[in-house]
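Single-structure report; data block below.
Bear in mind that the values in this text are calculations on the coordinates, not laboratory data. What you see is a predicted model; the values in this text were computed from it and never measured. In this analysis, Cβ positions are derived from the backbone assuming ideal geometry, glycine residues included, and neighbour counts consider all displayed protein chains.
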Ligand SMILES: [Fe+2]
């Protein structure tokens with residue numbers, strides 16, 4: 001995160017004596033990225049974060065890529081999957097991936113996690129489609145609600161506490177740091193005036209969660225296709241304070257301010273985050289193009305370098321044929337795509353859209369998993385043909 005934040009108690013000067021009420025020293029920990037060149041934070045623990053009591057056998061945790069998938073547009077339906085597993089990790093089902101990113105859904109039935117979780121290799125962006133609760137981290141608690149992107153940098157130990165009701169999460173696992181778009185930041189890292197959001201929209205942890213009891217604390221660490229089973233003598237939530245630029249935060253899709261124009265604006269105006277070889281964009285309600293001869297529907301386009309994934313969140317598309325809430329569409333590079341029959345004319349004169357969607361554009365091909373194959377709408381590739389039974393205006397038509 002390109003701003004400084006602190007929470008709890010920290011010493012006046014870094015790397016100096018900072019003592020607990022009993023006279024012992026707090027254990028200082030630097031969590032830094034990119035060697036010592038990236039953003040970092042300094043945490044002050046009651047107990048050293050190194051006190052491993054045992055390490056059990058690792059559990060394989062790797063999605064299976066489906067073989068023999070045709071190069072074609074795909075539509076995956078997930079709306080009927082109210083539950084995809086028991087706890088947060090059991091329910092995490094990856095639907096597509098490449099060397100840069102894994103994209104998963106996660107609809108757990110359990111409300112509490114009886115373990116802690118750390119992704120040691122990837123940043124995670126958890127988009128909350130349905131559900132609310134608290135993201136508890138070693139850097140503090142972040143309350144969340146529908147529409148929130150929860151950005152959890154790699155190595156931040158955390159657990160979720162979900163409120164009653166449906167939980168529906170979209171998880172984007174990035175194997176490189178997730179950042180705000182560089183073009184929206186000045187030399188100092190501050191978000192510029194033309195950015196569709198600013199620092200006030202970012203919600204860092206509100207309060208520390210400090211657990212002091214000695215015991216057995218299980219941390220599942222995801223790395224290289226395994227969940228490594230670590231047990232510690234003390235809770236990883238034992239910080240009394242921290243400061244720095246490295247921390248988890250929430251950003252709501254409802255705080256994304258759309259950029260509009262007289263003629264159709266290209267997908268980068270919707271960009272919200274970037275990482276190595278992919279971007280995350282937010283489609284939100286906005287006024288349509290206001291040139292007197294404007295065509296609000298997007299033009300056909302060829303994604304020469306990108307696979308384009310849309311995840312449908314809320315909006316008019318629910319009343320349309322084909323695409324549902326919680327559907328994915330995947331348009332692979334090399335195959336042109338565009339509006340469905342009749343949509344271009346139908347869009348003329350429309351003033352606004354009320355749809356929400358999350359888009360992930362990758363610069364390397366994505367691979368569907370075996371889990372995704374069962375969710376595929378086999379007729380989708382032909383849905384642009386004039387006599388296809390499901391043709392007609394769709395959300396996809398208005399969302400590039
Ligand atoms: Fe597109």
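When you scan the stretch 273-332 for strands (runs of 3 or more DSSP E) that lie fully inside it, which ones turn up with 2 or more residues that are within 15 Å of the ligand (Cβ to nearest atom) and in contact with a helix residue (DSSP H, G or I) (Cβ under 7 Å, 6 or more places away or on another chain)?
On the way: elements: 278-283, 307-314, 327-331.
The qualifying strands (runs of 3 or more DSSP E) are 278-283, 307-314.
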By my count, strands (runs of 3 or more DSSP E) wholly in the stretch 215-268 with at least 1 residues that are in contact with a strand residue (DSSP E or B) (Cβ under 6 Å, 6 or more places away or on another chain) and farther than 30 Å from residue 51 by Cα are 249-252
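So which residues in the stretch 333-366 are away from the ligand (no atom under 16 Å from the Cβ) and under 14 Å from residue 283 (Cβ atoms)? Give the derivation first.
Going through the stretch 333-366, the residues away from the ligand (no atom under 16 Å from the Cβ) turn out to be 341-342, 345-346, 348-352, 354, 356, 364.
Result: 352, 354, 356.
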When every residue in the stretch 43-69 that is loosely packed, with under 12 Cβ neighbours inside 10 Å and free of Cβ contacts under 8 Å to residues at least 40 places away in the same chain is compared, the one nearest to the chain's Cα centre (by Cα) is 67
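Mind checking which strands (runs of 3 or more DSSP E) fall wholly inside the stretch 95-194 and carry at least 1 residues that are farther than 23 Å from residue 256 by Cβ?
Qualifying strands (runs of 3 or more DSSP E): 101-106, 116-119, 133-137, 140-144, 158-162.
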